[in-house]
Structures are given as structure tokens and as C-alpha cells.
Amino acid sequence: MKLIDFIPAVLVAIILGLWEGATRFMEIPIFILPPPSSIFTTAVVKAPLILPHAATTFSEIILGIFMALGTAVPLAIIMFAKPALEKTLAPFLVASQAIPVFAIAPLLVVWLGYGIASKVFMAWIIIFFPITISLLSGLKSCDPEFRVLFRLMGASFYDTLRWLYWPWALPQFFAGLKVGVTVATIGAVIGEWVGAQQGLGYLMIQSNARLQVDLVFAAILWLTAMGLGLWILVGVVENRIIKWKV
Amino acid sequence: MNNPGERHMLQITGAAKSYNGQTVFSGLNLAVEREQFTVLVGPSGCGKSTLFDGLTGAIGLDRGRISWNHEILTHLGHHAAYMQQKDLLLPWFSLMENALLPAKTGKQDMVQMEPVAQKLFVRLGLNGYESHYPHEISGGMRQRCALVRTLMFNRDLILLDEPLSALDAITRRSLQSLLLLLQTAFKKTLLMITHDIEEALLLGDEVYLFSSQPMRIKERFVLDQPKPRLFSDPGLLKIKRHMLEQLEGAL
């Protein structure tokens, strides 16, 4: 570890220190801005209360990720294989992202109910796009000279896909997946804000109404940890799969 | 239609290609004899690679006839193996996996093909590097591996597009002798592009000298000096001097 590796940790410590000092010395009421120390305490002490909510949100995100993978990967491959289809579908794909997910959240709750389904759907919409686009552009970035080589070998599309295009696109695919898993929390939480019976978003709305701001922050802390954890997990998987150097 | 008695395995007649109204070549005739080493020499950018693209089917020729063992084809995509300046080894596969790729895509019996590849690894001096990855070895060794893969195509004709031009002079010498091996030990027919006159004279049985813009055959040389050849050969030196004069005249 070099000195530069510690800089992020030092920065975080400075920000938390300033925050702690400001709330204490300026006597900011705890229901406006609680100091980090009490947020951490709440996050730990109230864990039995938070945990079931976190579990709900987490399963919404995980389900959303798997649904997104299950749809984005085939779609990207189909669009890559059939450029005509890409031209047809691209406007719809972009439109699906141009509609703010906040705007349709209430509708989704009406259509899919207060349960987990509407939140999974929201997470799915958000994650789906970066994975599709990054995988598609990864597949397209394949060096044409390699394509010629595979064509001369008489390789089928499927063989070319699994031995050339897919490994070629993997770094970009993982970049998209990393973006996807970190923004997935947005979809789930917005869904829970609009209408839910469980989840960190639900907990935040409830606590906010009761001026339990430390609990709101504790929920945010859990959410952040979740997103960060998923990001790290994807990175670990990526490093296990992509072992080669180009 | 495999007739071993036929002298010309490949015959190109009246090949033409132009881009945006600019003629790269037209009325080009070329014949390649079975188990011969035919070399095309010309200045960089004269259109040699465009001709190869036409032969492999990467691009379509505007005009011309490609005759393969008396059969008229649109391209040689299914009959020729191809090797270029870039080794085009897949970084996610080991050297052995790379070499076996043509067998895998060709749905050949892998149990049978692995010993074949193994023998080639020994023959081309890659023994012991089967499970190494391309980034772990030198450029010369990568090109050897590409050579093994080219042989694993199991095709009679091998197209070589400046296969050694990215290598340093010493490595190039040792790989030139391996190219010769393709002809002598593996009975392949070779058609090679190069801009290295010495390389052409060391390897070629027939050498075509091209001029550029548009590309046309300036002169054809038949070399019957036995191989492996040495540069001190006065006959070769004479041809080399003559070729250089021709090329300089074109510039």
C-alpha cells in the first residue's frame, strides 16, 4: 500500500470529523442533522429493526439485477446479430430511459401493487439500460481482423460469439453491470417511497415523518453499504473471469 | 475436383478493384502453382492487401475470375488459411487453445487433433509453452503460434500478408526458415505478400514485382536456386539490384 491509497480514507475521516464537530459545536438539533457518531450508533443498535427492511430492499435489487441480466444479455446479442433489429429497437430503448422512473413509479404501484413486484420492476428498468448498451457496444468493438479470421475458419455465429465476441465484450459488460448495480438502489427506494409495506425506502419515509432523522440516515448508510458491496462483488467476479491481458 | 496433375492450383484472371473511382488494380492476372512459394513484392500501400482481401472474401472484387482447381469461385474463404502481420492470438486462450481453434470451429475430432497440434508445437519450437498465454511470450513466439494455428486450418493454400514485418531482423530470419518448412515439410502452396525484397528472394520460387497506383505487375522472376538460400549468391544479388532499380524508377 502506498501513501496515495490512504487518501480516500483520510478524506472521509476529515469530512466526518467536520460534520461531527459542526453538529456538536453549532448545537444543531438531532432531528435536523444528527452527528455521524449517533448515525453509526443508530445503524448498529437499531439493526434488528432495520434488518428486515434491508433484506426486502436487497432482494428487490438482486431480483432486479437478475431480471436485467436475463433480458439485457439476450437483447444485446440479438441486436448485435441483427443490425436491422437494433435500428428498430434503439429508439424504444432510449425512450424507456428518457421517461424518468420517478414519473411512472406511482403507476407501477397501481399496476403491480404495494408488494415487491413494483420495486423489482423499477430496479429492472434502471439496471437494464446500462447493461444492454455497454454489452452491445462491447460486442461491436470487436476488431474486424479477428472477424475475418473466424470467418476463414468457417466458424458459426454461435462459435464466434462464445469464443470471440463475448470474451471481447466482457470488460465493457462488467463496466455496465457496475453502473447498474450501484444505481439499482435508486429504483427500489423510489418504488418504496411511493407505496410499500416494507423496505429501507419505506423505513425512511416513516422515520422522516416522525423526525427520527438519525434513523433516516442509518437507512441511507445501509443502502450505501449495499450498493458499495454489490459494486465490490461485481469487481471480484470480474477479476476472477477476466484474467487475461490484452 | 482435386486434380493433382494440374499445374496451377490457383488462377486469377482480370481482377479489378477501385475505391471511389480510384483504381487500385485492374486486369490483374496471377497464377499459383501447387506446392510453390509465390511472393508478391511491392511498395507499401500499393494495393497488395486489397488483393488479398478480395481473395479471402473480406471485400468483393469489381471484376475478375478466381479459378481454384478449375472451379470458379467468388473467393477462397473456404480453401485458404490466412496469416498476417498481427498474430491475432486470442488473449483469453492459451497457446494450445489458440492453435486448436480452427479444429474446434471446424467441428473436428479434438482427441485426434490435439496430438497433431502438439507435434507442431515441437516442430516450431514452442514445446513447453502450450499452456502459456499470449501476453506471456515474445512477439516471435506469438507469430510461431499463429503459424501453428495457420497449419491447423488444414488447407492446401496459405495466404501470408507480410507475416514477419512486425518482427526484429534476427527473429525474422528464424521464422523465414519456418515459412520454408511449410513448403518443404508440409507440402503447402504459399502466396505471400511482402515489401522486403530479401525475404522474397530467400523464399520465393516465383516473385512478382508490383508497381503502385494502380497496382500492376512490373516484372516476374522465376528463381530456381535451391533452398535454403544464402544472400551471398551472386544470382540473387543481381536480381535484388535489378528489383531495387525497378522500384526506385517507380518512385
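The values are calculated or read from the model by the stated rules, or taken from the named source; none is laboratory data. Note that the coordinates shown come from a computational prediction; the quantities given were computed from them, not determined experimentally. Counting neighbours? That spans all protein chains shown, and the Cβs are built from the backbone with ideal geometry, glycine included. To get the accessible areas, we keep the full protein, side chains included, count just its heavy atoms, and leave off ligands, DNA and RNA. Shrake-Rupley method; radii C 1.70, N 1.55, O 1.52, S 1.80 Å.
Shown is the FRET efficiency for B:Val222 and B:His132, computed with R0 = 45 Å from the Cβ-Cβ distance and rounded to the nearest 0.05: 0.60. Using +1 at the Cβ of each Lys and Arg and -1 at the Cβ of each Asp and Glu in the range A:1-144, identify which of A:Leu136, A:Pro34, A:Met122 lies farthest towards the dipole's positive end. Positive-end residue among those listed: A:Leu136. What stretch of chain B, leaving out the sites themselves, is the longest with no chymotrypsin sites (Phe, Trp or Tyr not before Pro) in a DSSP loop having at most 15 other Cβ atoms within 10 Å? Here the longest segment lacking exposed loop sites spans B:1-185. When every alpha-carbon pair in the range A:39-241 is counted, what percent end up more than 32 Å apart? Counting every Cα pair in the range A:39-241, those more than 32 Å apart make up 27 percent. Straight Cα distances below 24 angstrom link B:Lys218 to the lysines B:Lys17, B:Lys48, B:Lys238, B:Lys240, with same-chain residues fewer than 8 positions distant left out. Computed from the Cβ-Cβ distance with R0 of 25 Å, the FRET efficiency linking B:Glu35 to B:Gln112 stands at 0.50.
Per-residue extension of 0.36 nm, minus the Cα-Cα distance of A:Phe6 and A:Thr224, leaves a gain of 76.4 nm for this segment. Within the straight-line cut-off of under 27 Å between alpha carbons, the lysines reachable from A:Lys140 are A:Lys82, A:Lys87, A:Lys178, A:Lys243, A:Lys245, B:Lys86, B:Lys104, B:Lys107, sequence neighbours fewer than 8 places apart in one chain being disregarded. Placing +1 on each Lys and Arg Cβ and -1 on each Asp and Glu Cβ, with no other charges, gives chain A a dipole about its Cα centre of roughly 540 debye.
With the Cα gyration tensor of the protein assembly as shown giving a ≥ b ≥ c as the square roots of its eigenvalues, does the rule (a/c under 1.5 for rounded; else a/b larger than b/c for prolate; else oblate) give rounded, prolate or oblate?
Taking the square roots of the gyration eigenvalues as a ≥ b ≥ c, the protein assembly as shown is prolate.
Taking a Cβ cut-off of under 15 Å around A:Val236, the surrounding Lys, Arg, Asp and Glu residues balance to a net charge of +2, with basic ones at +1 and acidic ones at -1. Once you place label points 7 Å from the Cα toward the Cβ at B:Phe186 and A:Lys140, how far apart are they in nm? Using points 7 Å along Cα→Cβ, the separation is 3.7 nm.
Computed with a 1.4 Å probe over protein heavy atoms only, the accessible surface of the protein assembly as shown comes to 49 Å² per residue.
Just to make sure I understand: if all protein chains stay in place, what is the order of A:Thr224, B:Thr105 by accessible area at 1.4 Å, largest first?
Details: A:Thr224 80, B:Thr105 5 Å².
So, going from the largest accessible area down, we get A:Thr224, B:Thr105.
What number in nm² do you get for chain B if you take the convex hull of its Cα atoms and divide its surface by four? Working shown, then result.
Working: hull surface 56.7 nm².
Averaging across all directions leaves 14.2 nm² for the Cα convex hull.
Peptide B:80-92 has a mean of 4 when you count, residue by residue, the C-beta atoms of other protein chains within 10 Å of its C-beta.
Across the alpha-carbon atoms of the range A:135-230, the computed radius of gyration and Dmax are 21.9, 69 angstrom. Using a Gaussian network model on chain B with a 10 Å cutoff between Cα atoms, which of B:Met141, B:Met113, B:Met192 fluctuates the most? Checking each option, the largest mean-square fluctuation is seen for B:Met113.
Can you give the longest run of chain A that contains no trypsin sites (Lys or Arg not before Pro) sitting in a DSSP loop with at most 13 other Cβ atoms inside 10 Å? Each step should come with its number before you reach the end.
Working: sites that count: A:Lys2, A:Arg210, A:Lys243, A:Lys245.
Segment A:3-209 is the longest.
Is the shape of the range B:81-169 best called rounded, prolate or oblate, per the rule: a/c under 1.5 gives rounded, else a/b larger than b/c gives prolate, else oblate, with a ≥ b ≥ c the square roots of the Cα gyration tensor eigenvalues?
Working: a/c = 1.72, a/b = 1.24, b/c = 1.39.
Cα axes put the range B:81-169 in the oblate bin.
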